[in-house]
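Asker: Got a structure here, written out as structure tokens. Questions coming.
Nothing in this text is a laboratory measurement; each read-out follows from the coordinates by a stated rule. Computed from a prediction, not measured in an experiment: that's the story for all the values here. As a convention, Cβ positions derive from the backbone with ideal geometry for all residues, glycine included, and neighbour counts pool all protein chains shown.
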Amino acid sequence: MAGMAPSRVSTLVFPLAILLAFPTSSLSLRTPVVSSDFDRGIELLGDAAISGDGSRMQITRSTAPSSGLLMRSAPLRFATPISFSTDFTFSISPGSGDGLALVLFSKTSAPTFGSSSFGLSKGDTRFVGVEFDTSMDENVGDLNDNHVGIDLGSFVSVSASNVSSMNLMLNSGEKLRSWIDYDASSKRIEVRLGRFGEPRPYNPLVAHLVDLSKIWNDEEDVLIGLSSSNGNSVQTSSIYSWRFKLRKFLNSMHSMPADPNENKGGEHADVNKKRACPVALLGGLVIVALLGALLLALMQSLWAIAVEAFRVDYPEHRVDFQYEKIGVVVGKDGGGGKN
């Protein structure tokens, strides 16, 4: 090493620094994602790569085993209560791989690419996952091979729901969309799922109460990402869009948590509000007209009662009138001359 040229030393130091920064990610380099369908500051790790036509981010390869991560580079801290909303569009090809998961984990627990279990470090119990599972593992009590589950420090889901009840199949290759919301005041995480292009469901598919601020230390950096691993399958998982939004601490969470895209111009929410205004106005006018008619009828009824109460009855007296014919004679005075 003493006689090694300076240029060669610098060539070795740079990748070594990367390995020290992310020791368990091995030779995996971070690739930034530049796309209008994704937020800024999102990176690809492991086998994750941009598809040839640039239409999606392919998290796993069509070879086994394969695992990758689409990660938000800016960490979160739960020392101060924070709420967040995220939504993403994805598809999973046929096969019995692990599927896809939204994962939150400590920055000190780097993903172990090349393994199963969504690349999370074995033995790490401080993580939260929302799994879109396409394999049934009896060892962790999986509901079936087509379910969505919420995991807290273990792949034994604390809450799970059968996706087949929605007439959907996770690994059909169909493009789906999921909305995941966490509210710090109610300490509740909600997961919604639907076909791409359909409106956001009103009711969540699965939900669970959890205080995320109790899982990690106050000063601990927490990363969030979309992870996938295919185990012994050639299943591939692809992401077409991903949005993430931190929300201010609220006293209570409405049954419809905030959509990450609610402030974007031209969104469905704004359109629906504009369409609802004329309908609401017309409905208000109809209600006012009905109330006016009822009030008028009531006033007429009260007036009739008042008139009846104050009416005075006078006795009737029959008066007979008699007509008589009277003759009038006017005499002519013949005398009256002077002598």
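Asker: What list of ³J(HN,Hα) values in whole Hz, one per residue of region 59-67 in order, does the Karplus curve 6.51 cos²θ - 1.76 cosθ + 1.60 (θ = phi - 60°) give from phi, with Gly and Pro shown as x?
Answerer: The phi angles translate into 7, 10, 8, 8, 10, 10, x, 8, 8 Hz.
Asker: How high is the FRET efficiency between ASP137 and ALA280 when r is their beta carbon distance and R₀ equals 51 Å, given to the nearest 0.05?
Answerer: 0.50
Asker: Separate question: Between LEU296 and ASP221, how high is the FRET efficiency from 1/(1 + (r/R0)^6) when r is the Cβ-Cβ distance and R₀ = 51 Å? Nearest 0.05.
Answerer: Here the calculated transfer efficiency is 0.15.
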